[in-house]
1. Checking the conditions here, which among A:Ile249, A:Ile304, A:Ile258 is buried (at least 16 other Cβ atoms within 10 Å of the Cβ) and not assigned by TED's automatic domain parsing to the domain that holds A:Ala44?
2. For the condition out of contact with any Asp or Glu (no Cβ under 6 Å at 6 or more places or on another chain) and within 14 Å of another protein chain (Cβ to nearest Cβ), what is the one hit in B:Gly35, B:Gly116?
3. Do you know which of the residues in segment B:229-282 that are within 14 Å of another protein chain (Cβ to nearest Cβ) and small (Gly, Ala, Ser) is nearest to the chain's Cα centre (by Cα)?
4. Quick check on segment B:85-99. Is at least one of its residues under 25 Å from B:Phe62 (Cβ atoms) and more than 10 Å from every other protein chain (Cβ to nearest Cβ)?
5. Would you confirm whether any residue within segment A:99-107 is within 14 Å of chain B (Cβ to nearest Cβ) and under 14 Å from the mean Cα position of the chain (by Cα)?
6. Out of all the residues in segment B:213-227, is one or more at the interface with another protein chain (Cβ under 9 Å from one of its Cβ atoms), under 22 Å from B:Tyr143 (Cβ atoms) and within 15 Å of the chain's Cα centre (by Cα)?
7. Could you tell me how many of the residues in segment B:119-136 are surrounded by fewer than 17 Cβ atoms within 10 Å (Cβ to Cβ), touching a residue at least 24 places away in the same chain (Cβ under 8 Å) and either facing chain A (nearest Cβ under 9 Å) or under 25 Å from the mean Cα position of the chain (by Cα) (or both)?
Amino acid sequence: MKLKTLALAASATLMAAGPAFAAGHAIKVGMITTLSGSAAGLGAEIRDGFQLALDQAGSDAIELIVKDDARKPDVAVSVADEMIQSDKVDIMTGIIWSNLLLAVAPNAVRQGTFYLSPNAGPSALAGKGCHENYFNVSWQNDMLPEASGEYANTAGYKNVFLMAPNYPAGKDMVAGFQRTFKGESAAVVFTKLGQKDYAAEIAQIRASGADAVYYFLPGGMGIAFGKQFAQSGVDTPRFGPVFSFDQTILPAVGDSAIGIHNTTQWSNGLNNAANKKFVEGYQAAYGRLPSFYASQAYDTANLILGALKTAKPADKDAFREALRAANFDSVRGDFSFGNNHHPIHDIYVQKVVKRDDGTLTNEVVAKVVDDMVDSHAANCKM
Amino acid sequence: MSTVLILEQALNGLQFGVMLFMMSAGLTLVFGVMGLINLAHGSLYMIGAFAAAVVATWTGSFMLGLIASLAAAAAMGALIELVVIRRLYDRDHLDQVLATFALILILSEGTRYTFGSLPLYLNTPGWLSGVFDFGGGLVYPKYRLAIIFVGLIIAAGLFLLIAKTRLGIRIRAGESDREMIAALGVDISKLYTIIFALGASLAGLAGAMVGVLESVEVGMGEPVLILAFVVIVIGGIGSIKGALIGSLLVGMTDTMGRVLLPPLFSQFMPPVDAVPVASALASMSIYILMAIVLIVRPAGLFGGAK
C-alpha cells in the first residue's frame, strides 16, 4: 500500500515536472520571411540579423525555424498554420510585408502565439486592432513617412509627387507623409505591388513639374525604379522613408543615389555600444554592411533573449510583461514600447554617401523627431 | 494632360507592346502549328535573361550577352522539344499543361540551384545610357528606344520569314494541315524543332533586354507568360499578325490605363478613394479588354475558325 502510494506520488511528480521540462527546453521561434523572388534580399537580412543576435549571445535558449513566404499572402498563411499547429512555435516573427502580416498576425495572436514584427507596422494593427500578444519591434508604418513630411517642410519643398505601391503599407506611407507635410501633393500614384517597369510613372513625374519626388518602393521595386529613373534624364530630387534607399538597394542602383535624403530610426553609424557590436559583428559574419531590416531583426532577437531572462512563453502573462519591459540594448539607442506595443524611438534623417573605399551607404544628418509616438496609439484600448 | 506626356506614354506603351510581341510570337506559332500549349515559355524568357547576365558580366560586352541569350534559349528550346515536348503533340491539352508546368518547376529550381535566389542586376551599356532628345520637350531613354527598334525589326523579319521563305510556307502549311504536309514529304519533326527553337530564342532575347531594365531572377517569366497568353487570345491563336496587334493593344491599354484612369476617377470621386480604385482597375484593364474581344470575336481578332 505504501509502495503504491509512493509510486503514485512519484508519477504525479513526474507528470507535474513534464511541462516544466518542456519549458526548460529551447523555446521555438517561427520565422516567416521572403527568401525568393525580387525581395529575397530583404528576407536574408531579417534572417541573418536575427541569427547574429543568437550567435553573439551564444545561447541555445531559442530554436529558430525559418520558412519562405515568397511574398505571397496565401503561402504565408499556410506556413503560419503549419508552424502553429505542427511545430507548436511559441513566438512568430519575420514577415516583411504589411499585407502578409495582416493575413497572418491577427489569427496567430488570437490563438495565443506571440507575434513580434521585425518589419511592417500596418495602421490596422496599431490603433483599434491592437492586440496584447502582438508586438512591433520596427515602427508603425506612418512614423518614418511623418518624419519625411517634417524633413520636406524644412527642405522647403512646396509641391511633391507621391508614389507608393497599392497595398496597406503603401497607403500608410502616403497618409503618414500627408499628415505632417505642409505643402501640396502634385500627384499621388499607387503602383502595383511588385511592379518592375516604371516608365509610365517616370513620364508623369517629368510632366508634373513637382519640386521633389517622395516614394516608398522597398526591395526590387526600389532598385528597378532607381535604375530607370537614373536613365530617364529627369533630375527632380528624390527623398522618402529609408526603404527605397537602404543598404539592400544602394549597391544595385549605384552612384545616382548619392545625396538622397531619407528618414530612418536606425543608421549603421549611430554611436552606441550595441550598434557598434552589431555592425562590426554583421560585417565579420556576412561580409556586407547591414541594412535597417537586419537591425530590426537583431533587436527582435535581443528583445526575446532579454525577456527570457525573467519569464518563459509558457506563462503568457509573465512573458508579455517581460516583452513590454523591453529589457535589451537596442541598436537604435532609446527604445521603449507604447501602450499599443509599438516602439517609441527617435527618428533621424540620413543621406546617401560614397565612402572612400567606394561603398555606398547612408550617413546621419540630423535627428528629426525625439521619442516619437505613433499617431494611432491613442486609438488602442490597451 | 500635355501632348508631350501623351507621346511619351505612347512610346512606353509601344515599348511594352514590342516586348510582349517577342514573347508571344513563339507562343502563338507553337500553338498554331503544333497545337501545343507551352507553359514553359516563360522559363525560356528567364533562361535568356540569365544567359545574358552571366555572359555580359563575364565578358563586359552587352552585345555578346544578347547573342548568348538567343543561343542559350534556342538551345534549351530545342533540347526540351526533343526530350519532352515531342511526346506531347498527340496528347490532349491537359497532359501538355501538366508536362510543361513540370518543366517550369524543373527549370526554375534548376536556375535557383545554380544562381541562388538573389536577383542579378545588369547595367545599361554605356552607348545606350541616357536619353534621346526628339525636340519640343520630348525626351526618351535610348535603351527603351533600342527595345522598340529591335522589336520592330523582329516583327518585320518574322513577316518576311513567314510570307517569303520556304520555311514560312511550311509553317503556314503545317498550321492548316499537319498530316498533309507530312504526307507530302516534309520532315515534320525537324520543322517542329526549328519552330520551337525560334520561338524560344525570341523569348530569351526579350528576357535579356528586359532584364537590363528590371532585374534577372527566378520566376521572372511567369507574369510575362500570363500577359503573352492574353495577347495571343486577343490576337487569335496561331496568328503572327494577331500577336503583333494584340501585343500593341495590350501594351497601350496597360500603359494608358495606368496613366489616364486615376485622373479620370478623380473627376467624380474624392482623390483619396479614386486613386487606389483607379489603380486597381488599371491593372485589370487588359483582362477587361480580353473579355470584350472574346465577346465580339470569340476566335480573337485574327483567329480563323478551325
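The values are calculated or read from the model by the stated rules, or taken from the named source; none is laboratory data. A quick note: this is a predicted structure, and the numbers were derived from the prediction, not measured. We place every Cβ from the backbone using ideal geometry, glycine too, and count neighbours over all the protein chains shown.
1. Values: A:Ile304 fails: not assigned by TED's automatic domain parsing to the domain that holds A:Ala44; A:Ile258 fails: buried (at least 16 other Cβ atoms within 10 Å of the Cβ).
Criteria check complete, one pass: A:Ile249.
2. On the way: B:Gly35 fails: within 14 Å of another protein chain (Cβ to nearest Cβ).
After ruling out the rest, the residue left standing is B:Gly116.
3. Step one: list which residues in segment B:229-282 are within 14 Å of another protein chain (Cβ to nearest Cβ), which gives B:250-266, B:269-282.
Within this subset, residues satisfying the condition of being small (Gly, Ala, Ser) are B:251, B:257, B:266, B:274, B:278-280, B:282.
Numbers: B:Gly251: 11, B:Gly257: 20, B:Ser266: 33, B:Ala274: 32, B:Ala278: 26, B:Ser279: 24, B:Ala280: 23, B:Ala282: 20 Å.
Only one residue fits best here, namely B:Gly251.
4. Narrowing segment B:85-99 to residues under 25 Å from B:Phe62 (Cβ atoms): none.
No.
5. yes
6. Yes, there is a match, as at least one residue in segment B:213-227 is at the interface with another protein chain (Cβ under 9 Å from one of its Cβ atoms), under 22 Å from B:Tyr143 (Cβ atoms) and within 15 Å of the chain's Cα centre (by Cα).
7. 1
Conditions (1) part of a strand (DSSP E or B); (2) at pLDDT below 90, marked per residue:
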position	(1), (2)
A:Met15	no, yes
A:Gly18	no, yes
A:Ala23	no, yes
A:Gly30	yes, no
A:Ser36	no, yes
A:Ala44	no, no
A:Arg47	no, no
A:Arg71	no, no
A:Asp74	no, no
